[in-house]
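As structure tokens, the structure follows; a few thoughts come after it.
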Amino acid sequence: MKVVIDDKIPYIKEAAERLFTEVVFIAGNEINASVVKDADAMIIRTRTHCDKTLLEGSAVKYIATATIGYDHIDTEYLAQKHIGWTNCPGCNASSVAQYVESCMLLLEREKLLDSGAVVGIVGVGHVGRQVAQRLQHLGYHILYNDPPRQHREQSSEFCDLGTIAEMSDVITFHTPLTQCGEYKTYHLADSVFFSRLKKKPVIINAARGGVVEEKALYDAYQERKIRCYILDTWENEPKISSTLLHDAFIATPHVAGYSADGKSNASQMALTAVCKFFGLKPDFTILPPPLPREIVPANDEVERKLQLYNPLNDSEALKSHPEKFEYLRGNYPLRREHW
């Protein structure tokens, strides 16, 4: 059995080489038709686009993406070819929640936000729920927007996007990226959305780049309709907007979900899914490495949280070297969610 694996997926090598006859580790953007032609399975990230161009005539029977999002997978084509696939829903939800929480602490520290402010969460899946839990613990008031979930659950818990725009001091996006359909999220935050803002909110996008229309975002910033913005995901990654990068309060290279805890969860889930599909026993456990012993937790709770993760470090690295967007993702330092 031959499996092709993105070489930036961490903590997976030892278990994969023990499970499979042949394992090929290769950069995600270098996985092409010749590489996968005789492969039985693939374990990938968002940088590998799985479509007819890649898979036509290949032996691939199953694809696992070690990510929550799966807009890089042509699911209709896979269904036509009877190729199985899975993503890893919720794998790094806690990591993204840590990212948002740390951003909020920094906003408070810079006097850009008061505790007790209203936070509108757009997209209330695995990630949105975890974000809400952390922010409620900090004393924020939460509004929820998730039309498909509201439709399924018939719950009064949710409000519409107009209410989010009018009532929120912070608006944070956690939706998948969908290009069409009743619940399309592509350019969900567009010029019309920004024209409805009432409280000059902070905008956070840690979902997918296309969820927020970048021109509309920057126009809103220039027109002082928003206080500031935080971007982890970008349109046209890795060729990101230098203008948006320069003026962002925090700008990071799509690493909100990159804690070692989230990465190990994703690797475990993806590898387990491949084993299940092929009838192999998943007798392995993937654990993240511990923090270095010399890191001593501070007495202050806020400082302890920022010791574990301060997104300004990632922001400074990207602003200094935007051309290293992919390098910064692929060589991300150890980050843990808990002491």
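The values are calculated or read from the model by the stated rules, or taken from the named source; none is laboratory data. No experiment lies behind these values; they were computed from the predicted model shown. Neighbour counts are summed over all protein chains in view; Cβ atoms, including those assigned to glycine, are modelled from backbone coordinates with ideal geometry.
Taken across the stretch 246-263, residues that are more than 22 Å from LEU138 (Cβ to Cβ), at pLDDT 95 or above, touching an Asp or Glu at 6+ places or on another chain (Cβ under 9 Å) and in a helix (DSSP H, G or I) do occur, with at least one present. Residues in the stretch 45-75 that are crowded, with 23+ Cβ neighbours inside 10 Å and either touching a Pro at 6+ places or on another chain (Cβ under 8 Å) or assigned to a strand (DSSP E or B) (or both): 5 in all.
Checked against (1) under 24 Å from ASP71 (Cα atoms); (2) among the hydrophobic types (A, V, I, L, M, F, W, C); (3) surrounded by fewer than 15 Cβ atoms within 10 Å (Cβ to Cβ), ALA273 meets all criteria but (3). If the condition is being modelled with pLDDT under 95, part of a loop (DSSP other than H, G, I, E, B) and closer than 30 Å to LEU244 by Cβ, then the stretch 277-331 contributes only ASN331.
Across the stretch 302-325, the number of residues qualifying as in contact with a Phe, Trp or Tyr (Cβ under 9 Å, 6 or more places away or on another chain), over 13 Å from TRP339 (Cα atoms) and surrounded by 15 or more Cβ atoms within 10 Å (Cβ to Cβ) comes to 5.
The one condition from (1) buried (at least 23 other Cβ atoms within 10 Å of the Cβ); (2) more than 15 Å from PRO311 (Cβ to Cβ) that VAL100 does not meet is (2).
Residues that are at pLDDT 95 or above and either of a type in the set (Gly, Ala, Ser) or surrounded by fewer than 18 Cβ atoms within 10 Å (Cβ to Cβ) (or both) within the stretch 81-94 comprise LYS81, HIS82, GLY84, ALA93, SER94, listed in sequence order. Only one of the listed residues (LEU112, LEU78) is assigned to a loop (DSSP other than H, G, I, E, B), hydrophobic (A, V, I, L, M, F, W, C), surrounded by fewer than 22 Cβ atoms within 10 Å (Cβ to Cβ) and in contact (Cβ under 8 Å) with a residue 24 or more places away in the chain. That residue is LEU112.
Within the stretch 200-217, being touching a residue at least 40 places away in the same chain (Cβ under 8 Å) and part of a loop (DSSP other than H, G, I, E, B) holds for PRO201, ALA206, ALA207, ARG208. Take ARG336 and decide whether it is charged (D, E, K, R), surrounded by fewer than 20 Cβ atoms within 10 Å (Cβ to Cβ), at pLDDT 95 or above and farther than 24 Å from ILE68 by Cα. Considered against the rule, which asks whether it is charged (D, E, K, R), surrounded by fewer than 20 Cβ atoms within 10 Å (Cβ to Cβ), at pLDDT 95 or above and farther than 24 Å from ILE68 by Cα, ARG336 comes out as no.
Would you call ILE171 in a strand (DSSP E or B) and modelled with pLDDT of 95 or more? Taking the combined requirement at face value, the residue satisfies it.
Residues that are part of a loop (DSSP other than H, G, I, E, B) and of a type in the set (Gly, Ala, Ser) within the stretch 218-245 comprise just one, SER241.
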